[in-house]
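This report concerns only the one structure given below.
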Amino acid sequence: MAKDRNECFSNCLLVLAAILTIQGAVSQKVKVQPEVVSYPGETVNLRCSFLDHGGIQLTQVSWIWEPKDGARDNIAVFHPQFGASYPASPLTGRVTFPNPSLENPSIEIKDVKMTDEGTYVCEYATYPSGNEQGETVLVMLAKPKNTASIVTVTAGQKPVVVARCESANGKPPATIKWVSVVNGNGTVVSAPGTDNTVTVSSEYRLVPTPADNGKDLSCVVTHRTQDKPQSLPLKLAIEYPPQVTVVGYDNNWYVGRADVSLTCQATGNPVPESVDWKVLSGQMPETVQRKGNKLVVLKVDDRVNTTFVCEVKNRLGVGKDQVTVVVRVNRLPMKGATTGSIIGAIIGVIILLALIATAVVMIRKHRNKSKDVDGPPNYKPPPPKKTGGSVENLAASRENVTEALPLNMYYETNGEPVTNLDGYSDEEPGYNDDSGHEGAPSGLEESALHPRDEVPEEHLYVTPIDVDYPGGEEYPGGEEHPGREEYPGGEEYRGGEDEAEPHPAPSRGDSFMSPAMYV
């Protein structure tokens, strides 16, 4: 129960405070600027006016300065009868009423200083409501001067300061942070600056190693007066004695080998001052020459079978490395390609050839399809054979006539049968004339459509007629005919006692009549 009472009391206090705040806002009749920002040396204007003073008599207006640390001071007073007055204060001589009046009692402060920062109160004396006031906060800004520097250190085992960064005489205080790829940490210290400003400084510490020398390190300063954070790049400077490595020996120095060399590679900070070559056997072989950080062997012999030492010095000390050379009698075989590499190369070649073959086949197939679709037909019927004057040609012609399929006939209005072989085209199977009749196909194509082994359902017997053979000669008759034709269905021609010879096969474009087909 007591807990509920305490909660209810707290809520009531909050509601009461909110109501008082709203009433104060509603009753605020003096209009001022909530905040004014300025820099040292500038001139600022603090505006003030009274809102809707109908029925209220304004008698006097005063400006009061409330510094953050210090007592209140009247800095300017205006009375419509007695005029303007400027009581003694730190702002005396720098504060004025540009247009002194009760309607516009704004003040102007020249050559502002960082110590002028604080709260400025514009207060009206009225009748009969009493005093009314409004407050303006003057914020003084000072752009700091940002600097960063590197500290040269010697490689060691303990953390030391390797860089410093400072943001001096800023208002408000700046923020400093470090950005680097090395492992370290920064410390920040703030101290009062000149003219009520603040100086912020930071140090970066790490355990220095030779590998960290030359690494990037940046100090980033953020301040209200800057559009964006300012980055100050640095490079670590860590000193260490020379670190030496001798390269060039391939373990294949044999007697008689020429133009081989050893190279002494060294790093250090500061830069190494000198490079010296020595041999543990005491005296350098005559076939060996010193060329700076290189040792050149003109010709390998037994005297080169020793240990070579390279010494490098700088201000911090000496670094050295050595190589023991073993001179061989015979040259070691050169290392060739491994079995796996050879197999891989063969497989790669096979795959490449397969891809090329596939591409060629696809291209040819595509070309053949293009020819079949767009080009002329590949098949062309053979031309008709010409008839000759010999007995063999005559027999062949008779055989062609008897073996040909029946021909379709067209009948004209005069009743004479006519076969139109001229209208047939080699490229088309038939044609349509104006009367809707279809042209007759040639006997060659019908023979191709119906092989000899197939027997047509209907047979047409053609009555032989007299034929004029080439040269105007008639067929030489006799007791024996050149041959007996077999008609479709295996039947022989039977014409009575005097068998007439069948008519030779008509050539394309000729017309013929048969008495048996007359209508």
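The values are calculated or read from the model by the stated rules, or taken from the named source; none is laboratory data. Computed from a predicted structure; not experimentally measured. Cβ sites come from the backbone with ideal geometry, for glycine too, and all protein chains shown count toward neighbours. SASA here: full protein model, heavy atoms, side chains in, ligands and nucleic acids out. Shrake-Rupley method; radii C 1.70, N 1.55, O 1.52, S 1.80 Å.
General observations
- Scanning region 101-151 for residues that are of a type in the set (A, V, I, L, M, F, W, C) and assigned to a loop (DSSP other than H, G, I, E, B) yields L102, V112, L141, V151.
- Number of the condition not met by P90 [criteria: (1) part of a loop (DSSP other than H, G, I, E, B); (2) more than 20 Å from Y39 (Cα to Cα); (3) open to solvent by 60 Å² or more (accessible area, probe 1.4 Å)]: (2)
- Being of a type in the set (A, V, I, L, M), open to solvent by 50 Å² or more (accessible area, probe 1.4 Å) and closer than 26 Å to V207 by Cα holds for only one residue in V271, V221, and it is V271.
- Test: residue in region 302-310 that is loosely packed, with under 15 Cβ neighbours inside 10 Å, modelled with pLDDT of 80 or more, under 30 Å from C264 (Cα atoms) and of a type in the set (D, E): yes
- Selection from region 168-202 of residues that are open to solvent by less than 50 Å² (accessible area, probe 1.4 Å) and either under 39 Å from the mean Cα position of the chain (by Cα) or among the charged types (D, E, K, R) (or both): K171, I176, W178, S180, V182, G184, G186
- Looking only at region 96-153, and only at residues there that are in contact (Cβ under 8 Å) with a residue 24 or more places away in the chain and aromatic (F, W, Y), the one that is surrounded by the most Cβ atoms within 10 Å (Cβ to Cβ): Y120
- Residue tally, condition of a type in the set (D, E) and outside any loop (DSSP other than H, G, I, E, B), over region 218-270: 2
- Hey, V121 touching a Pro at 6+ places or on another chain (Cβ under 7 Å) and of a type outside the set (G, A, S) or not: no
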